[in-house]
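Each remark here refers to the structure printed beneath this line.
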Amino acid sequence: MNTQTGSKTKAQVWVVENGKMRSRLDQLTTEEPLEIRLAPFQKTVAVTMRTPGADFELAAGFLYSEGVVSRREDIRRISYCVDELVDGEQRHNIVNVELRDGLIPDLQPLERHFYTSSACGVCGKASLEALRLRGCPVIPSGPTVTPEIIYSLPDKLRAAQGIFTATGGLHAAATFNAQGQLLNLHEDVGRHNALDKLIGTALFSEELPLNNCIILVSGRSSFEILQKSTTAGIPIVCSVSAPSSLAVSVAKEFGITLIGFLRGERFNIYTGLQRINAA
């Protein structure tokens, strides 16, 4: 039925239009599981359905968001599985993360991630109290941006979505500076995975925390999007759809400006009004 080509998969479809049927090849977004294992513990800490690509960044961003690592040096090495007992095609669906000597993280909170869907992450099973217990700091004040900068972000995100243009079937997360310039973008079937890829990229380049950045995610802002944004120090979080009630609670407690329903020249501000310089 299909021929997999990384983040995109070819598939035959039948198009029905004006009462007539025709066959053609289409591009689908690839969705496959990614298993994240920690070495030397030989423990699987998460299995997430994701779009292949930037797998190491995804794993690193996930571990940073969950408090397993706090800096680039905590990760000694990331590699794909080389276990001969695992089918060759599946080895690229397993990544091994080797932590630095002496780092013994508390893995119990990760048990909720044993299976994470591409659609909604942990779906609110995590709590606001978990972020408090981790000691996540309140995001510093600033930057201040104009509504015009916020208005411009969705078009910039869409223009940079190469896989979406080909498939029409996945999410994106992007970082922008305070002037609205696109800094980085990742795509994935799961918006939380796309954000983990962004955070992992920033971790590898030693750019965390992202205290002067704006992020825009496609779809809605869930608890998990705000949880990850909080750990990465992101002050302004935008989405094209609505936030959840728990997302608003996280944003309010940790000083994040949360924007939803960003469409055309209109958006709602749910928390952090002081960062938007409007008349």
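Just a yes or no: is a residue in the range 15-32 surrounded by 15 or more Cβ atoms within 10 Å (Cβ to Cβ) and either of a type in the set (Val, Ile, Thr) or under 24 Å from Pro105 (Cβ atoms) (or both)? Looking for residues that are surrounded by 15 or more Cβ atoms within 10 Å (Cβ to Cβ) and either of a type in the set (Val, Ile, Thr) or under 24 Å from Pro105 (Cβ atoms) (or both), one finds at least one in the range 15-32, hence yes. Here Ser141 meets each of (1) under 18 Å from Glu32 (Cβ atoms); (2) part of a loop (DSSP other than H, G, I, E, B); (3) at pLDDT 90 or above with one exception, condition (1). A residue that is among the basic types (Lys, Arg) and touching a Ser or Thr at 6+ places or on another chain (Cβ under 9 Å) occurs nowhere in the range 24-31. Whether a residue is of a type outside the set (Asp, Glu), closer than 28 Å to Lys8 by Cβ and open to solvent by 40 Å² or more (accessible area, probe 1.4 Å) was assessed, and His171 passes this test. Quick check on the range 66-81. Is at least one of its residues more than 25 Å from the chain's Cα centre (by Cα) and modelled with pLDDT under 90? No: the range 66-81 contains no residue that is more than 25 Å from the chain's Cα centre (by Cα) and modelled with pLDDT under 90. Within the range 163-190, the set of residues being among the small types (Gly, Ala, Ser) and at pLDDT 90 or above comprises Ala172, Ala173, Ala174, Ala178, Gly180.
The values are calculated or read from the model by the stated rules, or taken from the named source; none is laboratory data. Computed from a prediction, not measured in an experiment: that's the story for all the values here. Glycine gets a Cβ as well: all are built from the backbone with ideal geometry, and neighbour counts include every protein chain shown. The protein model used for the area step is the full one, side chains on, heavy atoms only, and it has no ligands, DNA or RNA in it. Shrake-Rupley method; radii C 1.70, N 1.55, O 1.52, S 1.80 Å.
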